[in-house]
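The values are calculated or read from the model by the stated rules, or taken from the named source; none is laboratory data. Keep in mind that what you see is a predicted model, and the values were worked out from it rather than measured. Note that each Cβ is placed from the backbone with ideal geometry, even for glycine, and that neighbours are counted across all protein chains shown. Surface areas here come from the heavy atoms of the whole protein model, side chains and all, with no ligands, DNA or RNA. Shrake-Rupley method; radii C 1.70, N 1.55, O 1.52, S 1.80 Å.
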Amino acid sequence: FVRGEFRNLGQAEKFPMDPILRFLFPLYLLGVLLPAQAQRYAPNDPSLPVIHHPGYSLAYDESSEQAAWVAYCLTAGETMARVKRSNDFRSDPSVRSGSAAHSDYKGSGYDRGHLAPAADMAWSSTSMSASFFYSNMSPQFPGFNRGIWKKLEELMRSWARAYDSVYVVTGPLYLEQRGSIGPNAVRIPSHYFKAVLTASVNKRKAIAFVLPNASSKASLSSFALPVDRLENYLDRDLFAFLPDG
């Protein structure tokens, strides 16, 4: 474990953008253009269906009725909210097998916790609305969702401003049996992970966090660990197209 320190990952290849792509880049951010460049830093996960929404992508795990991971790029400009929180929770029509629904969370005592935070998607009404698909929700203990998890999300936004852009991968962990909620048996995670990578090629840094799904007064640095250690546990390359060096 490390105490709030970033781990240098060395330099990665640059992705030059021609003038036409520069002109089309705002459309790319809205998910209209193919999301290939941002997805270069998403996990490579052939075992699960990957769904692309405006602002983020996810791999849906039918066995737990939630995402195995969500991944997105957050720029400094996107941390400035331009739209209000929509709260339009709804099932995800892109999940062919059917996603979780309102009935799963109603009366459960758990928050509908965002994996890709609504505050990170407040740069457009389209991305904000997409963040409220139930495929992006996970049953989180209220004290966790509104406490230390919120602090970690705020830290990601502060790093996006400090480093211009960051790539974030987040997902649930089932290190302990916690049961499930609702008629669709949405599995309750015991922990959550978040890994972040700076987008600046000249300042390539990364760190990961694993937090229990519970209230905590501990410092965020006490939950930090190297990305490699998290990847080894998950048996998944979180930034799949970045050279391992």
Task: Label-point separation in nm, Lys217 to Glu154, each point 7 Å along Cα→Cβ - done: 1.7 nm
Task: In order through the stretch 171-178: 3J(HN,Hα) via Karplus (6.51 cos²θ - 1.76 cosθ + 1.60), integer Hz, x for Gly, Pro - done: x, x, 10, 10, 7, 9, 7, 10
Task: Using θ = phi - 60° and Karplus 6.51 cos²θ - 1.76 cosθ + 1.60, couplings along the stretch 180-194 (whole Hz; Gly, Pro as x) - done: 8, 10, x, x, 8, 6, 6, 6, 8, x, 8, 9, 9, 10, 8
- [ ] Could you order peptides 185-198, 224-237 by the average number of other Cβ atoms within 10 Å of their residues, highest first?
- [x] 185-198, 224-237
Task: Cα gyration tensor, the stretch 150-194 - rounded (a/c under 1.5), prolate or oblate - done: prolate
- [ ] Count charges around Thr79 for me, please; just the other residues with Cβ under 9 Å from its Cβ, Lys/Arg as +1, Asp/Glu as -1.
- [x] 0
Task: Cross-link partners of Lys194 among lysines (Cα-Cα below 26 Å; sequence separation of 8 or more within a chain) - done: Lys14, Lys84, Lys150, Lys151, Lys203, Lys205, Lys217
Open item on the list: Just to verify a number: what accessible area does Ser63 come out at with the full protein assembly present, 1.4 Å probe, Å² rounded to tens?
Closed with: 100 Å²
Task: GluC sites (Glu not before Pro) lying in DSSP loop within the stretch 148-192, provided at most 16 other Cβ fall within 10 Å - done: Glu176
